[in-house]
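Single-structure report; data block below.
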Amino acid sequence: QVTLVESGGGLVQPGGSLTLSCAASGFPSHAYNMGWYRQVPGKQRELVASLMTGGTPNYGDSVKGRFVISRDNAKAMVYLHMSSLKSEDTAVYFCNACGEHTNYWGQGTQVTVSS
């Protein structure tokens with residue numbers, strides 16, 4: 001059974017930091033482009049960051065310089081370290097695994113940036 005389980009979301013003050021984790025299982029995640037997306041009500045899901053094994057990270061324009069994606073293939077984990085958080089970063093963050101013919105999603109974790 002394929003699963004992507006996100007954790008680490010929560011409430012953080014503006015300017016603060018938070019790290020999200022995604023645990024993958026049931027498929028060879030090392031061979032997939034792993035990434036993070038986010039969505040707010042009424043808007044389309046948008047790319048936050050993605051990273052292929054051995055590749056260069058790809059970031060959405062709004063998070064460049066503030067967020068860092070990393071992966072640990074031995075543990076089948078993907079991380080998103082978020083810093084200098086802003087209120088507009090508030091969203092549900094989804095872990096994604098994109099392969100040649102398949103695309104998997106996690107259930108999402110809420111990140112709220114508010115004082």
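The values are calculated or read from the model by the stated rules, or taken from the named source; none is laboratory data. The structure presented is a predicted model; accordingly, all values stated were derived computationally and were not measured. Every residue, glycine among them, receives a Cβ derived from its backbone with ideal geometry; neighbour counts consider all protein chains shown.
Worth a mention:
- Restricting V68, V5 to residues that are touching a His at 6+ places or on another chain (Cβ under 7 Å), outside any loop (DSSP other than H, G, I, E, B) and surrounded by 13 or more Cβ atoms within 10 Å (Cβ to Cβ) narrows the list to V68.
Okay, residues lined up against (1) surrounded by 11 or more Cβ atoms within 10 Å (Cβ to Cβ); (2) outside any strand (DSSP E or B); (3) aromatic (F, W, Y); (4) modelled with pLDDT of 95 or more:
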{"residue": "G15", "(1), (2), (3), (4)": "yes, yes, no, yes"}
{"residue": "S21", "(1), (2), (3), (4)": "yes, no, no, yes"}
{"residue": "W36", "(1), (2), (3), (4)": "yes, no, yes, yes"}
{"residue": "P41", "(1), (2), (3), (4)": "no, yes, no, no"}
{"residue": "L47", "(1), (2), (3), (4)": "yes, no, no, yes"}
{"residue": "A74", "(1), (2), (3), (4)": "no, yes, no, yes"}
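- Residues that are loosely packed, with under 13 Cβ neighbours inside 10 Å and in contact with a Lys or Arg (Cβ under 9 Å, 6 or more places away or on another chain) within the range 49-65 comprise just one, T53.
- Flag for L80 being of a type outside the set (V, I, T), assigned to a strand (DSSP E or B) and in contact (Cβ under 8 Å) with a residue 60 or more places away in the chain: yes
- Filtered residues of the range 23-34 (kept if in a strand (DSSP E or B) and either of a type in the set (D, E, K, R) or surrounded by fewer than 13 Cβ atoms within 10 Å (Cβ to Cβ) (or both)): S25
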